[in-house]
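Reviewing the structure listed below.
Read-outs: derived from the displayed coordinates by stated rules, not from any lab. Predicted model, so just to flag it, every value in this text is computed and none were measured. Note: ideal-geometry Cβ built from the backbone for every residue, glycine included; neighbour counts use all protein chains shown.
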């Protein structure tokens with residue numbers, strides 16, 4: 001498998017090669033074509049002047065051609081050939097007069113067409129122009145002129161040589177710079193990959209130190225944020241497992257101790273037996289409640305998609321009140337209701353019940369004898385607000401950030417005595433957020449605490465009402 005370093009370097013090398021080829025070819029081709037065009041124009045014009053002058057002769061002869069060329073002062077050409085209409089060479093400054101012309105271009109010119117050819121081979125431009133000679137519309141011969149230009153060819157070859165040297169230097173510098181940046185980039189990516197492997201191995205406390213301010217550095221920052229969340233989640237998981245094990249272990253140990261006591265006492269009195277059995281039942285109930293709360297939290301953690309439905313919050317509050325009232329009566333606590341009609345939210349009746357009942361149960365458990373609990377439900381236009389206020393022990397300021405943490409207790413001794421598991425407010429918090437609501441804690445002066453839960457009010461198109 002090719003590494004990203006090899007792929008990036010290969011890509012840069014291909015792009016660089018294409019650029020160098022274009023740099024070396026395009027200017028030279030353009031210069032060559034420009035010379036071709038210039039020579040065609042110049043030689044065609046000169047051939048036209050000579051041809052016109054020769055057409056004034058009554059008869060093409062070697063002497064007549066020589067006189068015309070001398071009169072015109074034609075120079076700079078390597079060879080000038082004039083052929084008769086039969087194709088016989090009349091004049092050739094190369095010394096081949098009197099023979100039949102073998103050049104196919106001369107035969108083409110005798111047919112009435114002008115021919116121009118130019119090539120750049122070796123170290124010279126070699127150009128030839130062949131033009132018919134006509135008198136009064138009748139072709140009487142053909143003119144052939146050619147030249148070999150080494151001066152312009154030398155200039156182009158010199159430029160080509162310099163471009164190649166410059167291209168080589170540019171290529172070396174470009175590869176060196178590209179190699180530096182690619183090595184730097186891939187080294188940083190490798191550091192990120194190694195850090196991912198470290199975290200994948202279970203070291204959630206690992207943090208990445210990434211230099212720079214580019215996208216890789218930004219990715220490193222996001223990686224650190226992710227590992228921080230993973231670290232915190234892992235700590236919470238371990239704490240949760242430890243606390244859950246402790247919460248389940250305590251009632252199980254009590255049940256085992258009580259059952260052993262019953263088994264070891266053969267002549268136990270019926271009243272004591274009933275007391276032991278009652279205690280076993282209480283511990284079993286506590287164990288069942290803890291298990292149910294853990295299952296509720298697991299369901300909320302799994303983010304199982306539920307179909308929200310219109311829920312009448314007032315009716316759910318009345319159901320929760322009916323179950324919480326006996327608990328309040330046992331502690332001589334009065335629950336006061338202020339429930340507004342028309343408070344409908346999109347949620348599930350079961351989750352809404354858990355929210356209200358857990359808040360009421362906490363308000364009763366951590367209240368003072370003879371105290372009170374206010375349950376208020378209000379429709380505030382776009383939101384439905386649920387308020388539970390009590391006159392109990394309250395929540396210290398330093399504990400407010402942690403009350404929704406699982407198994408967290410403000411007063412551990414009193415919480416255990418009241419049968420609390422430290423999961424109720426966690427369930428409330430998660431259920432509220434699952435359905436798009438918010439929950440806040442306020443101080444209920446001069447004593448007690450107040451919880452305010454807010455949900456978006458159901459829209460008419462949701463309820464169908």
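Note down the relative contact order for region 72-161 as a percent, whole number, built from C-alpha pairs under 8 angstrom at least six residues apart. Spell out each step's value before the answer.
Numbers: 176 pairs, mean separation 25.5, N = 90.
Across region 72-161, relative contact order equals 28 percent.
State the dimensionless ratio Rg/Rh of region 4-156 (Rg: radius of gyration of Cα atoms; Rh: Kirkwood radius). Display every interim value, and only then the final one.
Working: Rg = 21.6 Å, Rh = 17.6 Å.
Result: Rg/Rh = 1.23.
Using label points projected 7 Å from each Cα along Cα→Cβ, tell me how many nm separate residue 29 and residue 315, to one decimal.
The two pseudo-label positions are separated by 8.2 nm.
Would you please put 379-389, 81-91 in order of how densely packed they are, using the mean number of other Cβ atoms within 10 angstrom per residue and starting with the highest? Kindly include the intermediate steps, with their values, before the conclusion.
On the way: 379-389: 17.5, 81-91: 20.1.
Descending packing order for the listed peptides: 81-91, 379-389.
Once fully extended, how much extra length lies between residue 44 and residue 272, figured as 0.36 nm per residue of separation less the alpha-carbon to alpha-carbon distance? Spell out each step's value before the answer.
Values: separation 228, 0.36 × 228 = 82.08 nm, distance 13.30 nm.
Gain in length upon complete extension: 68.8 nm.
Could you give the distance between the Cα centres of region 68-101 and region 113-176, to the whole Å?
Measuring centre to centre over Cα atoms gives 23 Å.
Sticking with the crude label model, points 7 Å out along Cα→Cβ, report the distance from residue 211 to residue 341 in nm, one decimal please.
Inter-label distance under the simple model: 7.3 nm.
How far apart, in nm, are the 7 Å Cα→Cβ label points at residue 279 and residue 221?
6.0
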